[in-house]
Structures are given as C-alpha cells and as structure tokens.
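In what follows, a structure is listed as structure tokens, so that the remarks can point back to it.
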Amino acid sequence: MIIRLATPRDIAVLPDVERSAGEAFRGGLHDWVADHTVTLAEAYPPRVAVERVWVVEAEGAVRGFIDIEMVDGELHIWELAVELAWQKRGLGRALMDQALEVGRSKGCAAASLTTFHNIAWNAPFYRRLGFELLTSPSARLAAILRDEAERGLSDRCAMALKL
C-alpha cells in the first residue's frame, strides 16, 4: 500500500473510485446513495493542484482517495472513498491517518467532517478514530449539512476530532 498526493494522471479514476465505494450502500435503506451523482473529474484539477487530494495505491492502481481542505484553522474532510473490493482492508484508515497528520503538521486545531449518522462504516467508523458527534455544529458545518440536505443527502451529522 502506498499513500501519496494525487497527481493529474490520477484524476480520471477518482469518480470511478467514488462510484465503486457507493456500491457499499446497496442492499439496505440507503440504496439511493449508490445511485447518487459522484464528483466529476473536472472538479479535481484545482484540488489536486493545491495538494488537498491524497490517494492510496494497492497492486499498482489507485484504490481510494481522501479530499481534505484547511478551513478556519481546521482540517475538513470532504470525501473519503475506497473501492468496494478494497474496503475493510485498512485503506480508509490509512488515508484518514495521513489526512490527520497533514492537519497536525499545518497546525490545525481540529478535524471535521459530515457523514451518515447510522451506517456502520460512516459515523461509527469515525467514532473509532476518536471523532465526536457534534450536537451543535459550527455555522460552517451547519451550512454544509444544509447543502447536503438540499442535494438529497439525508441522515447526516457533523463530527470533529481535536488535533
């Protein structure tokens, strides 16, 4: 397993990784998530250029990625995606560890994210990493949750981890 900053040559596969990761939602109440629109490749060049996307390679191919951003002294995790066939092998945890280390190295006070509240590989996964559910999210996180709800993403919560 290799974790590295994404390069322009990685951009084309990121939507495929996200689409594959979404397949984990099939077979339950959240089937609709698997059919939800993924981030288009055209959105990634500026993110890659400012070094906010990290990828994990396994067996010579990109199998997952994390999209992070420094906002108001915090590290915000916008997206964590691992191909369905590569889930539950530690790739997501390794990407999170990398992201949190980046946040610490840049002096961030905390890390934040939004996720599905009651899906085992979402909020419970982040709780195991030390994230706490925010009952009163900041204005920034509340705005993200509102935007997600407007895009059809329900049952979401905001979480944070002190760095």
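The values are calculated or read from the model by the stated rules, or taken from the named source; none is laboratory data. Note that this is a predicted model, so its numbers are computed, not measured. With ideal geometry, Cβ positions are generated from the backbone for all residues, glycine too; neighbour counts draw on all protein chains shown. Heavy atoms of the whole protein, side chains included, go into the accessibility calculation; ligands, DNA and RNA do not. Shrake-Rupley method; radii C 1.70, N 1.55, O 1.52, S 1.80 Å.
Summary of computed values
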item	result
Filtered residues of the stretch 129-153 (kept if in a helix (DSSP H, G or I), of a type in the set (Gly, Ala, Ser) and at pLDDT below 95)	Ala149
Pair list, Cβ < 8 Å and 6+ apart or interchain, from the stretch 129-148 residues that are closer than 21 Å to Gly92 by Cβ to residues that are modelled with pLDDT of 95 or more and basic (Lys, Arg)	Leu129/Arg93
Residue list for the stretch 41-65, restricted to those being charged (D, E, K, R) and crowded, with 16+ Cβ neighbours inside 10 Å	Arg47, Arg52, Arg63
Pairs, first under 17 Å from Glu83 (Cα atoms) and among the aromatic types (Phe, Trp, Tyr) in the stretch 21-33, second at pLDDT below 85 and open to solvent by less than 30 Å² (accessible area, probe 1.4 Å), C-beta under 6 Å, six or more apart	Phe25/Val33; Phe25/Ala34
Test: Ala85 is in a helix (DSSP H, G or I), modelled with pLDDT of 95 or more and loosely packed, with under 13 Cβ neighbours inside 10 Å	yes
Subset of the stretch 18-33 that is surrounded by 17 or more Cβ atoms within 10 Å (Cβ to Cβ) and at pLDDT below 90 - its residue that is farthest from Glu79 (Cα to Cα)	His30
Residue check for Glu79: touching a Ser or Thr at 6+ places or on another chain (Cβ under 8 Å), of a type in the set (Asp, Glu) and surrounded by 19 or more Cβ atoms within 10 Å (Cβ to Cβ)	no
Scan of the stretch 129-144 for residues that are of a type in the set (A, V, I, L, M), surrounded by 13 or more Cβ atoms within 10 Å (Cβ to Cβ) and more than 21 Å from Arg52 (Cβ to Cβ), ordered by number	Leu133, Leu134, Ala142
Matching entry among Arg156, Arg104 (being in contact with a Leu (Cβ under 7 Å, 6 or more places away or on another chain), at pLDDT below 95 and not hydroxyl-bearing (Ser, Thr, Tyr))	Arg156
Subset of the stretch 90-128 [part of a loop (DSSP other than H, G, I, E, B) and either crowded, with 16+ Cβ neighbours inside 10 Å or in contact (Cβ under 8 Å) with a residue 24 or more places away in the chain (or both)]	Gly90, Lys106, Gly107, Cys108, Ala109, His117, Asn118, Ile119, Trp121, Asn122
Among (1) buried (at least 16 other Cβ atoms within 10 Å of the Cβ); (2) assigned to a strand (DSSP E or B); (3) touching a Lys or Arg at 6+ places or on another chain (Cβ under 8 Å), the one test that Val38 misses	(2)
Filter result (out of contact with any Leu (no Cβ under 9 Å at 6 or more places or on another chain), over 25 Å from Leu163 (Cα atoms) and not in a helix (DSSP H, G or I)) within the stretch 41-75	Glu57, Glu59, Gly60, Ala61
Hits in the stretch 1-17 - residues which are among the acidic types (Asp, Glu) and open to solvent by 80 Å² or more (accessible area, probe 1.4 Å)	Asp16
